[in-house]
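Everything below concerns the one structure shown next.
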Amino acid sequence: MCRTRSDDSRIGSVSAASSGPTIDGQYANSAALRAPRRRSAGSISRGTSALSGRTARTLSESAMDGTPQLVFRRQNMSGSSGKQSQRAHALLAWYDRHRRVLPWRAPPGGRTDPYLVWLSEIMLQQTTVAAVGPYFAKFVARFPDVRALAAAPLDDVLHAWAGLGYYARARNLHKCAQAIVAQHGGKFPDDEATLLTLPGIGAYTAAAVAAIAFDKPAMPVDGNIERVVARLYAIETPLPAAKPQIRELARTLMPPARTGDFAQALMDLGATICTPTKPACALCPWMDICLARARGIAEELPRRAPKAERPVRHGVAFWAVRPDGRVALRRRVEQGLLGGMIEVPSTDWREATWSEPEAVATAPFQADWRALPGQVRHVFTHFELRLVVWTGRVQDDPRFLWASLDELSDHALPSVMNKVVRHALAQVGRAAPPMSPLRKRGPRAINKEAGVPLARGRQP
Ligand code: SF4
């Protein structure tokens, strides 16, 4: 059950009798809510220092419905807004001392650039801060603002994105930049509703940009925030079923001011203190009000429903080499997975393995194909791909791009295709594949084993 603001009205009657540490003067004078302070040079310190002073707090649970409740016993603050302020103050005070320095984050008191916030949030979907860092720097150096990004050819954008995966995001990034220039004069909208109308901006990104870049009352809930809130309230419902409840609880935590800092503080708390394993509760500004810590189950939360096994798809990639040593590439269709990216031509990727005649019939060239030993494996979000690579000498065909081996890195090849390139080069080197004698064979599955025999290709 979600805890709402109205729930707070009945918390007092069931709070534990014992008194806890008290809250110091910084809550009474609202310093943390008024202005960010400079980050101290010191290392992370014990968060409980923020929870001492005049106002006592206790931790309890509702005796009426079992819903976890965080309870503050009021002395100098009143009602649910007082409790909310105490939590927010504790976290913001911690954030002001220990915030992470990130390339897209403005220094305390500095101006936040919505372009950098938006770009970082898109890049950070499905990957980590550490992984994004070098890509972000390269991307911003190449496209320093939204106008530069909008004016760039899509290929340049895809190329700068290569390695981050999920290329639909890069295409939408480009479309979004163009929409911001065309429809908003190059200025980011500052409200969630308008941000949501832009390509590639969903509920999370709209809330993140509105809160972080414009300090609007919005609460983006990423994996870090999800974990902190699930533990703070000891939410036992497994994810993803618990997501709506966690989102609602996160919203109730949000203070009336410094909403962007508050969201980033929650993110930082999850990334540095409330980590997936071995959370450093002794350093946490919320350690005294955290229900999961009190119950000794912090490391078990959030619970997750068992994952369905990832399905496997199979395909054949054709490493087709012209007499001058150039290799055939082509652009994938705009829609769908890796849309618009450059690829080594391949069959469809399907659940069934490909028999030799089937793959030959699908090959884009007539050639004496030779299957290279081994497979290329690549894990996408929803399936694992296993590609067998065939190589063959082919004649020129203007429908394809022809790249010398030195030019391959100039193309926006997605990670899976870079694996195909590496696999082919490791097997055949930089030389053109040798001509192979033909063999007549009946159909058989080709993806199940390494070392596939020769096959004669046909014109598609
Ligand atoms: S689990 Fe530990 S680190 Fe996480 S919110 Fe609770 S006290 Fe803080």
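What follows is calculated from the coordinates using simple rules that are stated; it is not laboratory data. Predicted model, so just to flag it, every value in this text is computed and none were measured. Every residue, glycine as well, gets a Cβ built from its backbone with ideal geometry; the counts of neighbours run over all protein chains shown.
Assorted remarks:
- Rounded to the nearest 20, the Cβ-based charge dipole of the range 180-275 about its Cα centre (Lys and Arg +1, Asp and Glu -1) stands at 80 debye.
- With the simple model of a label 7 Å out from the Cα in the direction of the Cβ, residue 422 to residue 282 spans 4.1 nm.
- Centre separation in Å (Cα based) which lies between the range 371-415 and the range 98-174: 27
- Of all aspartates and glutamates in the structure, those lying under 13 Å Cα to Cα from residue 138, and not within fewer than 8 positions of it along the same chain, are 156.
- At R0 = 41 Å, FRET efficiency that the Cβ-Cβ distance of residue 155 and residue 308 yields, to 0.05: 0.70
- Ascending count of other beta-carbon atoms within 10 Å, so fewest first, for 318, 383: 383, 318
- Restraint check, 187/216; 243/307; 83/216, Cα-Cα greater than 23 Å: none
- Straight-line cross-link reach from residue 278 at under 15 Å between alpha-carbon atoms covers these aspartates and glutamates, not counting any fewer than eight positions away in the same chain: 299, 300.
- Peptide ranges 343-354, 158-169 listed from the most packed, as the mean C-beta count within 10 angstrom indicates: 158-169, 343-354
- Counting every other Cβ atom within 10 Å of each residue's Cβ, 143, 380, 214 order from fewest to most as 380, 214, 143.
- Here the peptides 222-232, 100-110 are ranked by packing, the mean other Cβ count within 10 Å, and the order with the highest first is 222-232, 100-110.
- The gain in end-to-end length when the residue 125 to residue 410 segment is fully stretched comes to 100.1 nm, 0.36 nm per residue minus the alpha carbon separation.
- Counting every other Cβ atom within 10 Å of each residue's Cβ, 239, 91 order from fewest to most as 239, 91.
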